[in-house]
1. Just to verify a result, which residue in the stretch 205-252, among those that are closer than 24 Å to Glu59 by Cα and among the hydrophobic types (A, V, I, L, M, F, W, C), is modelled with the highest pLDDT?
2. Can you pull out the residues in the stretch 139-194 that are among the acidic types (Asp, Glu) and closer than 13 Å to His256 by Cβ?
3. Within the stretch 146-194, work out how many residues are among the hydroxyl-bearing types (Ser, Thr, Tyr) and either assigned to a strand (DSSP E or B) or under 17 Å from Val253 (Cβ atoms) (or both).
4. If we only count helices (runs of 4 or more DSSP H) wholly inside the stretch 19-128, which ones have 1 or more residues that are buried (at least 18 other Cβ atoms within 10 Å of the Cβ) and in contact with a Lys or Arg (Cβ under 8 Å, 6 or more places away or on another chain)?
5. Here are some conditions: (1) part of a strand (DSSP E or B); (2) more than 13 Å from the chain's Cα centre (by Cα); (3) surrounded by 15 or more Cβ atoms within 10 Å (Cβ to Cβ). Cys141 meets all but one. Which one does it not meet?
6. Among the residues of the stretch 151-181, count how many are touching a strand residue (DSSP E or B) at 6+ places or on another chain (Cβ under 7 Å), under 22 Å from Met203 (Cβ atoms) and surrounded by fewer than 17 Cβ atoms within 10 Å (Cβ to Cβ).
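The values are calculated or read from the model by the stated rules, or taken from the named source; none is laboratory data. Because the structure is a prediction, the values reported are computed rather than measured. Note that we place each Cβ from the backbone using ideal geometry, even for glycine, and neighbour counts take in every protein chain shown.
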Amino acid sequence: MALLSEAPWLHQEVGRRLADKLAPIKLQPQAWIDWSAFLGASADHVRAAYPQAQRWVVEPTPELRQRSQRELALAATRSWKTLWRKDVPQAWSVDDLVGAPWLPDGVQMLWANMCLHAHPDLASMMRQWHRQLAVGGFLMCSGLGPDTARELRAVYRTMGWDLPTIDFIDMHDLGDELVKAGFADPVMDMERLTLTWETPQAMLKELRTWGGNVASGRHAGLKTPRWQAGLQDLLIQRLTRSDGRLGLTIEVVYGHAIKPEPRIKLEPETRVSLDDMRRMVRKQG
């Protein structure tokens, strides 16, 4: 993914649509995290909505972190505001957030475009998002839903092959998972798109740019050229539309939720962290 010349078109389009959902939100973030920034491909849309907000970049892998770091450094040299600064804006990888400068108070928004299908343990990623947010901050996320590539999945199922994708999260299950992770007031939405290609080769080439397949049961080895040719013949037979192009359904799921005030369970002896105590004192003041 780090070697792509640019982020996938679909990610860019979904980022634009997710940004359209910011309009009704009254909170104006002072700082926000761009989670999986390169593949999310929507920083310009968020900047247009919150031009004064500080952007922090978090990438899922060291390779993507290095790519984003280079782009941040290049952007810094192009701006007269940062031309003479010795410190260059930084990017972090997901596994290296312990000393991140926005902690422990967190940011007011975490933006995670096209991330819901890109992690093998979605629940742990949501808990990570929750930790990075300030109390009262909000999450904006999106990803592929269960109807995505249903035509391609049907081909694999008919042939008795292991499915080519993970089981994408349903819109309603997304709300349940957000609540389990500690979020409140989840709002979900979804829409279906139809994408078309002239050839099966063009379709498969674009599908490979959408991110790694994190399905645990996927085929571990490489397929042969003969198998690949057979797959392309099947796709022409099963996916060709009346206009002669190959079509594929894409379901996009959107999520929005808030990090609420921590609830203190009262017991004969109740322990409260110093950070939670500070937040409660600020709120009462």
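1. Going through the qualifying residues, I end up with Val252.
2. Asp185, Asp189, listed by residue number.
3. First, pick out the residues of the stretch 146-194 that are among the hydroxyl-bearing types (Ser, Thr, Tyr): 148, 156, 158, 165, 194.
Checking which are either assigned to a strand (DSSP E or B) or under 17 Å from Val253 (Cβ atoms) (or both) leaves us with 148, 165, 194.
Adding up the residues that qualify gives 3.
4. Details: elements: 37-40, 43-49, 62-78.
Those helices (runs of 4 or more DSSP H) span 37-40, 43-49.
5. Condition (2) is where Cys141 drops out.
6. Summing the residues that are touching a strand residue (DSSP E or B) at 6+ places or on another chain (Cβ under 7 Å), under 22 Å from Met203 (Cβ atoms) and surrounded by fewer than 17 Cβ atoms within 10 Å (Cβ to Cβ) in the stretch 151-181 gives 1.
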